[in-house]
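The values are calculated or read from the model by the stated rules, or taken from the named source; none is laboratory data. Quick caveat, the model's predicted, so the values are computed rather than measured. FYI the Cβ positions are ideal-geometry reconstructions off the backbone, even for glycines, and counts take in every protein chain you see. Surface accessibility is based on the protein's heavy atoms, side chains included, excluding ligands, DNA and RNA. Shrake-Rupley method; radii C 1.70, N 1.55, O 1.52, S 1.80 Å.
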Amino acid sequence: MFHGKTSYVCLPCRASYKQPYDLRRPRACPRCAEPLIHAGSTFATPRRRDVAAWRALAVLLHAGVGFHKSCCGGPGYRPRTMREVRERLAYARTSGEPVGRVLVRSDVP
């Protein structure tokens, strides 16, 4: 089990919290009591007023894409704008490639 701290995100409040990782214990937002989503240990929180970045983040998290360390030290590419997300979702629809895999590609044909 991972014993460090990891980020949990509340999409409605546009907030993140660093807490010890534990899958057995569900987390709730201290502001609104909605369930928190596990984002990963390398998650960087967008500014609260950056609505577009939070929308893109919501798509990523709902598709199961997290921000976890990889063998190279970081999570790899993640789209930061809705334009980048829309491009990848359109490619996923036409190619049949899984959405979670397409969202982490740095470029799409």
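Taking interchain pairs and intrachain pairs at least six residues apart, which have beta carbon atoms under 9 angstrom, with the first residue in the stretch 78-92 and in contact (Cβ under 8 Å) with a residue 24 or more places away in the chain and on the phi < 0 side of the Ramachandran plot and the second hydroxyl-bearing (Ser, Thr, Tyr) and in a helix (DSSP H, G or I)?
Between residues of the stretch 78-92 that are in contact (Cβ under 8 Å) with a residue 24 or more places away in the chain and on the phi < 0 side of the Ramachandran plot and residues that are hydroxyl-bearing (Ser, Thr, Tyr) and in a helix (DSSP H, G or I), there is no close pair.
When you look at Tyr8, is it part of a strand (DSSP E or B), open to solvent by less than 20 Å² (accessible area, probe 1.4 Å) and within 21 Å of Arg78 (Cβ to Cβ), yes or no? Talk me through it step by step, then tell me what you get.
Numbers: part of a strand (DSSP E or B): yes; open to solvent by less than 20 Å² (accessible area, probe 1.4 Å): yes; within 21 Å of Arg78 (Cβ to Cβ): yes.
Answer is yes for this residue.
Determine which member of the set Pro109, Pro79 is at pLDDT below 90 and open to solvent by less than 30 Å² (accessible area, probe 1.4 Å). Full working, then the answer.
On the way: Pro109 fails: open to solvent by less than 30 Å² (accessible area, probe 1.4 Å).
Testing whether each residue is at pLDDT below 90 and open to solvent by less than 30 Å² (accessible area, probe 1.4 Å) leaves just Pro79.
Of all residues in the stretch 44-54, which are open to solvent by less than 60 Å² (accessible area, probe 1.4 Å) and touching a Ser or Thr at 6+ places or on another chain (Cβ under 7 Å)?
In the first step, residues of the stretch 44-54 are kept if they are open to solvent by less than 60 Å² (accessible area, probe 1.4 Å); the result is 46, 51-54.
Selection gives Ala52 alone.
With the condition kept exactly as written, say whether any residue in the stretch 62-69 is free of Cβ contacts under 8 Å to residues at least 24 places away in the same chain and farther than 21 Å from Lys5 by Cβ.
Kept after step one, since they are free of Cβ contacts under 8 Å to residues at least 24 places away in the same chain, are these residues of the stretch 62-69: 62.
When the remaining residues are screened for being farther than 21 Å from Lys5 by Cβ, the result is 62.
Among the residues of the stretch 62-69, at least one is free of Cβ contacts under 8 Å to residues at least 24 places away in the same chain and farther than 21 Å from Lys5 by Cβ, which makes the answer yes.
If I filter the stretch 85-98 for residues that are small (Gly, Ala, Ser), open to solvent by 50 Å² or more (accessible area, probe 1.4 Å) and over 24 Å from Asp22 (Cβ atoms), do I get at least one hit? Write out each step before concluding.
Looking only at the stretch 85-98, we keep the residues that are small (Gly, Ala, Ser), and these are 90, 92, 95-96.
Applying the additional criterion that residues be open to solvent by 50 Å² or more (accessible area, probe 1.4 Å) yields 95-96.
Still in the running and over 24 Å from Asp22 (Cβ atoms): 95-96.
Within the stretch 85-98, one or more residues are small (Gly, Ala, Ser), open to solvent by 50 Å² or more (accessible area, probe 1.4 Å) and over 24 Å from Asp22 (Cβ atoms).
Across the stretch 16-43, which residue is modelled with the lowest pLDDT among those that are surrounded by fewer than 11 Cβ atoms within 10 Å (Cβ to Cβ) and either of a type in the set (Phe, Trp, Tyr) or within 15 Å of Thr6 (Cα to Cα) (or both)?
Leu23
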